[in-house]
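Below is one structure; the comments refer to it alone.
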């Protein structure tokens, strides 16, 4: 057998197989398993009809696996004359396209002379089925009596057993033990009566269910065919290629995309349901994506769910645990959302540039708050202590302040200030020989030293943002990376864009032309720069002979004189 000629394309930064024709579907079983993007996925919690996924789940374990997808493709190719009709993804099928004669006969029976059959036609036919049901026997007792018997049966049975042992002298029932309100034989008779009724009821209901299943069995293959005719190609696009996820036009959403989260003037379109939060705690941080976990509730629908949203654009200043938002599912239903957890990863290189400064500012703020709280507590303790001392004349008085005791502390503080001043003077002396452009380069280098590592790490993480760990935490077996590049990430999070409007409350400004405003700005910057440069040169100028004579310290005078000698004549004259 000749090897099938598969077509490949770069989808989401990864080479993947393209399924574009009915022949591709017909040869799906020949595709190398290593080339599949997904090896298995859950059959619930996805944006594909659960009936379709369960129809392909042959072992009924709640997982759709690679072999089951291949088996579904083979069944469809046998039931249809040309599997290319699957590419249309419609729940309407022309009867002449059905190759299986038994299925086609059922379709003709339902629609008569019509040439097409739709899923709605099959559901209507199933709803019109009537079967002769067995009558379910009536309950021998009232419902509350049956419920009370079931609640007390174990307790009563234990009491009767203890009563038998007591008659034999093998046990003693406490006098305060509750006694049944009926004799043992009546209790046993009631139990048999209830058990017989439940057995007869279960048999009748089972027979009726079997009759209904038998009546519906005729339509089951046809309904499966229509369901998979609509959904199977979409399963392939989300199982083999991830084309729905990487579709730039977003005509269809990926099967795992649950809706949109509106938060902080942004719309996060990449939202997934969370099935197992502990698994997310272990795997989701490896994705390199900034993730927001939210608890969502709709009181109108009486539903609750957990979601995780990917934030791929904007800033993080206003994002915190406890922030409220609104989540819209794919049907347009809204849920109240509350952020419960954040996995912090870079969103952009610009945001990473400011990260060290934000962390430093946060650290300072925490230190200030902690110091203020400690001082406030100490002041309160001192105030209450003084009040207690004033109220109690026999209390021990606090000794007066002893200057000699704290002389060492004052000396240490002075030494520390002197060392700081010396360090600043050394820095100023070292920079005194720099020109303005050299100082600018030094300033830029300092910024790069502080922010450079954070920006490099952000660049590396943004290049390898991968959705696969998040999907794995949801029970998927992802066989290839699902990279989210910077450009693609911008499509997943939509930022608000306001039109330019005039503020009626803003102060009136002088109307200047753009070139005039530019000239004024340049002039102001130049004046400030020259002023700063003049102050800098004045502060770092060498001392004069008169100033040296006024210095009482001989060593300092010698250093100042040496500086004058080393200074060029022109600068010394100035």
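The values are calculated or read from the model by the stated rules, or taken from the named source; none is laboratory data. As the structure is a computational prediction, the values presented were derived from the model and not from experiment. Glycine also receives a Cβ, built like all others from the backbone with ideal geometry; neighbour counts cover every protein chain displayed.
Could you grab me the full set of residues in region 43-77 that are at positive phi and over 28 Å from the mean Cα position of the chain (by Cα)? Don't jump to the end; show me each part of the working.
Within region 43-77, the first condition is being at positive phi, and the residues that meet it are 45, 60, 62.
60 - this is the single residue of region 43-77 that is at positive phi and over 28 Å from the mean Cα position of the chain (by Cα).
Within region 95-118, being within 16 Å of residue 79 (Cα to Cα) and assigned to a helix (DSSP H, G or I) holds for 95, 96, 97, 101, 102, 103, 104, 105, 106, 107, 108.
Being under 16 Å from residue 242 (Cα atoms) and either surrounded by fewer than 14 Cβ atoms within 10 Å (Cβ to Cβ) or touching a residue at least 12 places away in the same chain (Cβ under 8 Å) (or both) is true for just one of 92, 69. Which residue is that?
Numbers: 92 fails: under 16 Å from residue 242 (Cα atoms).
Going through 92, 69 in turn, just one is under 16 Å from residue 242 (Cα atoms) and either surrounded by fewer than 14 Cβ atoms within 10 Å (Cβ to Cβ) or touching a residue at least 12 places away in the same chain (Cβ under 8 Å) (or both): 69.
In this structure, residue 266 does satisfy being in contact (Cβ under 8 Å) with a residue 40 or more places away in the chain and more than 22 Å from residue 48 (Cβ to Cβ).
Table: residues versus (1) within 20 Å of residue 75 (Cα to Cα); (2) part of a loop (DSSP other than H, G, I, E, B); (3) in contact with a helix residue (DSSP H, G or I) (Cβ under 9 Å, 6 or more places away or on another chain).
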| position | (1), (2), (3) |
| --- | --- |
| 16 | no, no, yes |
| 23 | yes, no, yes |
| 29 | yes, no, yes |
| 40 | yes, no, yes |
| 48 | yes, yes, yes |
| 52 | yes, no, yes |
| 55 | yes, no, yes |
| 58 | yes, yes, yes |
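If the condition is being touching a helix residue (DSSP H, G or I) at 6+ places or on another chain (Cβ under 8 Å) and in a loop (DSSP other than H, G, I, E, B), then region 327-346 contributes 345, 346.
Scanning region 298-326 for residues that are part of a strand (DSSP E or B) and surrounded by fewer than 15 Cβ atoms within 10 Å (Cβ to Cβ) yields 303, 304, 324, 326. Considering region 413-494, the qualifying helices (runs of 4 or more DSSP H), each wholly inside and each with 2 or more residues that are surrounded by 12 or more Cβ atoms within 10 Å (Cβ to Cβ) and at pLDDT below 70, run over 436-463.
Yes or no, residue by residue, for (1) touching a helix residue (DSSP H, G or I) at 6+ places or on another chain (Cβ under 9 Å); (2) in a strand (DSSP E or B):
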residue	(1), (2)
248	yes, no
251	yes, no
255	yes, no
262	no, yes
272	yes, yes
275	yes, no
280	yes, no
285	yes, no
293	yes, yes
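Would you confirm whether or not region 129-151 contains a residue that is touching a helix residue (DSSP H, G or I) at 6+ places or on another chain (Cβ under 9 Å), in a strand (DSSP E or B) and over 30 Å from residue 189 (Cα atoms)? Checked against the condition, which is being touching a helix residue (DSSP H, G or I) at 6+ places or on another chain (Cβ under 9 Å), in a strand (DSSP E or B) and over 30 Å from residue 189 (Cα atoms), region 129-151 yields no hits at all.
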